[in-house]
Structures are given as structure tokens and as C-alpha cells.
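Data first, discussion second: the structure below is written as C-alpha cells.
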Amino acid sequence: MAEHARILLDGLPGAGTLPVALRIARGLVGEDGVIGVVDTQRGAAARYADEHRFLHLRVDSCSPKAMPDIVMAAVAAGVDCLIVDTFTSFWSGRDGLLMLVDQHRKSPTQSGWAEARPYEQAMMDALLDYPGHIIATLRVRSEIAVGADDTGRPSPWKVALKPDHRDGLEYDFQVAASLGLDGALTITSTCVEDVLDLQLGAVHAKPGEEFGQQLAAWLGQGVVEPTLRDYLARCAAPDATSAELFALAEQVQARGMAGLTVRNRQGQTGPLISLLTAKAKWLARREQQTPSPPPAPDTSSLVPPASGVPDYVPDDKMTVAELTLRIAHAPDHDGLNTVEQDLADLKANNVISSNDHGHLYRQVEQRRYNLTHAGAQQ
């Protein structure tokens, strides 16, 4: 199966992990690809905007709970390669996992890890299931060592100890590499065995686009499976059928993607499988209604639908107001069908109450009657 790149890049301060990540990303996505940077360094990534083209998202609170929303924003923006600089911030930074553990630590016997682990897993699932390439950068813990220089005098230098993140993180990535202060990249973990430049211990003096191109070529071999973006596109396609969407729902369930959080056109979020099944059920109801040739217009047979409940009070005023405006300005029956589909999605995902749903459905029927009556008079 073809895959997207998952790269882990660490380096000491001054090694230039982000510029290297940007060059590798350009090699992965090509000249016309879209690169996005999740910046946890107080907007520091913007200083590289003169040399590199990328979308920039500054993140000040690095809670693991935020990662699904970050990923959804990147998907919506069409980002082909997402760089998280630095991923360390989601571990030991402001509101990171270690801080979350401290918040849940109630006693010496209750460490807080049991409560925090699900958030960590949700963060990793969202990141690693991203429908594009991922490059995550890490800070490296260091210490000062003192030795002798060429003249024999004492000389201090920084010695890298280990990346600042949980142990074993590299197992979730295809390639892990370390950057030295001289700019050289050394591969420290890899799943690539048949490409010499991507094997364990390979050194790249000046890593750039060619590194990303080599990795993309190797990963691109094989069958290309649908991505999250592909599923969303088919769900919104005008020629989609209920049978197709039910089959896609079974497919995402089998691939472990059912619980991925997605956002619909109204801004509501929920699992991918709920979106697919809700749309499939709505299409199934539409398909059961066999269309018949329209009869000759007869205004005498047109009876207005029943009026709404006089004492109706909306439960969600903003949603009702927005949809009421859409219904009132629907230019034709196709526009009303779109609103009716959105109402079905909201109801299936329990986003709208039965009270509001019934009221808005009556509004749709009233508008449909008005459009039909206007057409008959013409």
C-alpha cells in the first residue's frame, strides 16, 4: 500500500530543524503542494516566510486535546504536508501532556497517567491518521561538556542527550533523524531498507528537497487507499448513492478510521462514520421516493401546509435563525433539498432538538408550497 510520510526530526538549538523540515516538505509535496506549519514557538516560524511558502498556524496552548481540531483545520485548508514545530511542546510545553498529568494527580497512589493517556492516544491517532505527510520536530536535552581544543586549552561544547518526548515515540514514525550543529542529518531510525540514502546511519551533509523526493518516491509505491479527504469528498458528491456511502462506512470501520473527528458544512463535529451513515440514510429515503411525471398545474388543488405551532420557542436560537434565513432565501426546490439534507444530518447527530427540527421542517414545506404555487400561477 502507498503511504504518506511520517518523519521525526530532532536537533539541538541552532541546528535549524524547521528550515530543514520545510525543505524536506517541499520535496515531499512538489512545487505546487501546500505546506502547513503548526507553530508552538510564539510565531517564530514566520521568520522563514521570505524563503519558503507555507500556511502558518500559531498555537499558544499545546494541550493534546487541541490536536484533533488542528488536524481538522489543516484538512479543511488542503494542507499536503503538516509540520508540527515543535511536537515537544505537546509533551512538556504549556498545557502539554505532562501538565495534564499533574492536573489529574490526586494523591501519591493516583499518578494521573490513567486519566491523561486517552488524550495522548487521541492526539497520536489524529496526527498519524492525517491524510497527508507529517513532519514533527523535537527539542533535544543537552549538557555542557568540557574538553581540550587543538591548542590543549579547555573548551566547552554542547552534548546532545535525548529528544524531549516520551520514550519509543520513533516507533510511530517511518523515519527518525537527528540534526547536528553543523547542519548534517543522521538517520537514527528507519523502515526503509532498499534505499541507501534512507538506511539506518545514513548521513546527509545538507538535507534538502531531494531527501523528501526520495522518501516520497519510495512510499508512493503500491496501491493508493482513500484518505480522509477522499471520504469527505465522496460524501459531499452530488452523484453519491446510499449503497456507496454505506459501503464506505463499512470500509472506514474496517480500517480503524470510524472514530476520526470531522467537521460538516455547518461547523458541527463528530465521528466520520456518523457523517457517512447519516448521509447514506438520507439518500436511502430519497431513493425510495420514486419520482413521477409532474401533473398539469392546478392552483385549486394547492392547499397550504399546516401552520406551525403558535407557542413554539426555539431551543437553539442561532441555529434556527440561520436555517430560517436559508429556507426563506432558497431560490428553488434544489436549494430546499439541500436544507432538508442538512436538517437530517443535524437530527442524526443529535445536534438539533426534535422541537427545532419539526419547526424548521414545517418551514421547508411552507417554502416548498410557496415556490410550487408561484410556478403554477406562471
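No value in this document is a laboratory result; all are computed from the given coordinates. These numbers come from a predicted model, not from an experiment. As a convention, Cβ positions derive from the backbone with ideal geometry for all residues, glycine included, and neighbour counts pool all protein chains shown.
Taking Asn337 and the conditions (1) part of a helix (DSSP H, G or I); (2) more than 26 Å from Ile273 (Cα to Cα), which numbered condition does it fall short on, given that it satisfies the others? Only one criterion in (1) part of a helix (DSSP H, G or I); (2) more than 26 Å from Ile273 (Cα to Cα) is unmet by Asn337, namely (2). When the stretch 70-101 is filtered for residues that are assigned to a helix (DSSP H, G or I) and β-branched (Val, Ile, Thr), the ones remaining, listed by number, are Ile70, Val71, Val75, Val101. In the stretch 54-69, the qualifying residues are those that are in a loop (DSSP other than H, G, I, E, B) and in contact with a strand residue (DSSP E or B) (Cβ under 7 Å, 6 or more places away or on another chain), and the one that is surrounded by the most Cβ atoms within 10 Å (Cβ to Cβ) is Val59.
Filtering the stretch 107-138 to residues that are under 15 Å from the mean Cα position of the chain (by Cα), charged (D, E, K, R) and under 18 Å from His165 (Cβ atoms) leaves only Asp125.
Taking the criterion of being in a loop (DSSP other than H, G, I, E, B), under 27 Å from Ala122 (Cα atoms) and out of contact with any Leu (no Cβ under 7 Å at 6 or more places or on another chain), the residues of the stretch 224-259 that qualify are Val224, Glu225, Pro226, Thr227, Arg255, Gly256, Gly259. It is to be established whether one or more residues within the stretch 169-181 are out of contact with any Leu (no Cβ under 8 Å at 6 or more places or on another chain) and charged (D, E, K, R). Checking the stretch 169-181: not a single residue is out of contact with any Leu (no Cβ under 8 Å at 6 or more places or on another chain) and charged (D, E, K, R).
Filtered by the rule that a residue be in a strand (DSSP E or B), β-branched (Val, Ile, Thr) and within 31 Å of the chain's Cα centre (by Cα), the stretch 159-211 gives Val175, Thr186, Ile187, Thr188, Thr190.
Name the residues in the stretch 340-355 that are among the small types (Gly, Ala, Ser) and over 21 Å from Leu276 (Cα atoms), would you?
Passing the criteria: only Ser354.
The selection criterion, being in a strand (DSSP E or B) and on the phi < 0 side of the Ramachandran plot, holds for Gly36. Taken together, Ala258, Ala249, Ala237, Ala278 contain a single residue that is crowded, with 17+ Cβ neighbours inside 10 Å, closer than 23 Å to Arg326 by Cα and hydrophobic (A, V, I, L, M, F, W, C), which is Ala278.
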